[in-house]
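Colleague: Below you'll find the structure I mean.
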Amino acid sequence: MYRRIHEAIIQSPPIDDFDIFKELKDQNFFESQESIIALCTHLQDLMKTIEDLDENQLKNEFFKVLQISLWGNKCDLSLSGGKTISQKINLINSLEDLKPFILVNDMEHLWSLLSNCKKKRGKASITRVDIVLDNSGFELVTDLVLADLLLSSKLATEIHFYGKTIPWFVSDTTLHDFNWVIEQLKHSNHKWVSKCGVDWENHIRMGRWVYLDHMFWTLPHEFSAMPHVAPDLYATLQKAHLILFKGDLNYRKLTGDRRWEFTIPFHEALNGFHPAPICSIRTLKAEVQVGLQPGQGEQLTASVPNWLTIGKYGIFQFDGPL
């Protein structure tokens, strides 16, 4: 449906770049201002001391920002039918309370992989992390904060972001959304929010952040079909040291949206899609989940029958060699 709408619009200048969801996405961003200020302030405070952190301190900060990116995924307008879901609480103060709701927690794998890359990296070599984006607005800000931490801590030297080529599933990020959010932050009257916007614009200008899109992300194929349907995209992903897939739709396409048993290994459900080490970061909003411990899914079903779809639970699910 969205592709058909886009096909109609592109034949009708001057509305050929019209985004039917823009007003909703902008509203989500503006209604989340207090949380964005808290997040940007936390990041800028962290930047002042990041070079002085020991390994354990950096690891703790990395885990904290990862969890912020996870719970930012709750702000999904496609789940609410377009009804605004803004972030009005300070996530940083809620992370400990939210930890019990992380059903699969492979953050240690992410730390192990990236810290090893950092230790082994030569002066001329790079460590590239790819982030396949989900929602614009507050969630995108959490993803940009994560990307900035990765660069500033030298856990990565280059970040590639992937968004949608056309407006898609209400709040999904397009190139316009990506640039718009950074521009809004840059012109904020809050000094730390503005500092983030300026820094992030500079990352783009210097080539440390690269935004890419590809029509494959809005085609109906599961990701295991990518080597055949979009071999150029698959070859690009193979150059990454780690790929982070944000959100629910990406998880559904990673796993083929099948009715898997809860205990099927994530590696098996990927059906041969292994371009590089990957990690799904999502809050659960669809009836597919793999890689759980025996009995875990059944216990959740007994206590919270709709646990798969309410966005209350989250995962960091990793696949790949360390």
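Colleague: Mind jotting down the distance between the C-alpha centroids of segment 116-131 and segment 139-158, whole Å?
Modeller: Value for the Cα centre distance between the two parts: 14 Å.
Colleague: In segment 239-322, which trypsin sites (Lys or Arg not before Pro) are in a loop and have at most 10 other Cβ atoms within 10 Å, using DSSP for the loop call?
Modeller: 259
Colleague: Treating the beta-carbon of each Lys and Arg as +1 and of each Asp and Glu as -1, no other charges, what is the dipole magnitude of the chain about its Cα centre, to the nearest 20 debye? Present the calculation step by step, with values, prior to reporting the outcome.
Modeller: On the way: 33 positive and 40 negative charges, 92 e Å.
Result for the chain is approximately 440 debye, rounded to the nearest 20.
Colleague: What order do 229, 145 take when sorted by accessible area (1.4 Å probe), most exposed first?
Modeller: 229, 145
Colleague: Keeping the other protein chains in place, figure out the carbon and sulfur percent of the accessible area of segment 20-319, with a 1.4 Å probe.
Modeller: 52 percent
Colleague: Sticking with this structure for a sec: Cut-off under 16 Å on the C-alpha distance; same-chain residues fewer than 8 positions from residue 195 excluded. Which lysines are left, in chain and number order?
Modeller: Hits, sequence-local ones excluded: 48, 186.
Colleague: For the chain, what class follows from the C-alpha gyration tensor (a ≥ b ≥ c being the square roots of its eigenvalues): rounded when a/c is under 1.5, otherwise prolate if a/b is larger than b/c, else oblate?
Modeller: Because its axes are fairly even, with a/c under 1.5, the chain counts as rounded.
Colleague: Considering Cα pairs under 8 angstrom that are at least six residues apart, work out the relative contact order of segment 158-283 and quote it in whole percent. Before the final figure, lay out each step's value.
Modeller: Numbers: 152 pairs, mean separation 29.6, N = 126.
Computed value for segment 158-283: 24 percent relative contact order.
Colleague: To continue, here is another question. Compare the Cα positions of 229, 110, 219 along the charge dipole of the chain (+1 at Cβ of Lys, Arg; -1 at Cβ of Asp, Glu; about the Cα centre) and return the one farthest towards the positive end.
Modeller: 110
Colleague: Ok, one more. Which whole-number percent gives the relative contact order of the chain, counting Cα pairs below 8 Å spaced six or more residues apart?
Modeller: 20 percent.
Colleague: Helix-derived [θ] at 222 nm for the chain: sum -39500 (n - 2.57) over DSSP H runs of at least 4, divide by residue count, nearest 500?
Modeller: For the chain, the value works out to -13000 deg cm²/dmol.
Colleague: Related question: Is segment 119-204 best put as rounded, prolate or oblate by its Cα gyration tensor, with a ≥ b ≥ c the root eigenvalues, rounded for a/c under 1.5, and otherwise prolate when a/b is larger than b/c, oblate when not? It would help to have the intermediate numbers written out before the result.
Modeller: Details: a/c = 2.50, a/b = 1.34, b/c = 1.87.
Oblate, because a/c is 1.5 or more while a/b does not exceed b/c.
Colleague: Kindly report the accessible area of segment 20-319 per residue (heavy atoms of protein chains, probe 1.4 Å, no ligands, DNA or RNA), in Å².
Modeller: That works out to 41 Å² per residue.
Colleague: With charges only on Cβ, +1 for K and R and -1 for D and E, what is the dipole size of segment 96-162 about its Cα centre, in debye, rounded to 20?
Modeller: Taking the Cα centre of segment 96-162 as origin, the dipole is about 680 debye.
The values are calculated or read from the model by the stated rules, or taken from the named source; none is laboratory data. Quick caveat, the model's predicted, so the values are computed rather than measured. Don't worry about glycine lacking a Cβ; one is built from the backbone with ideal geometry, like all the others, and counts go over all protein chains shown. Ligands, DNA and RNA are excluded from the accessible area calculation, which covers all protein heavy atoms including side chains. Shrake-Rupley method; radii C 1.70, N 1.55, O 1.52, S 1.80 Å.
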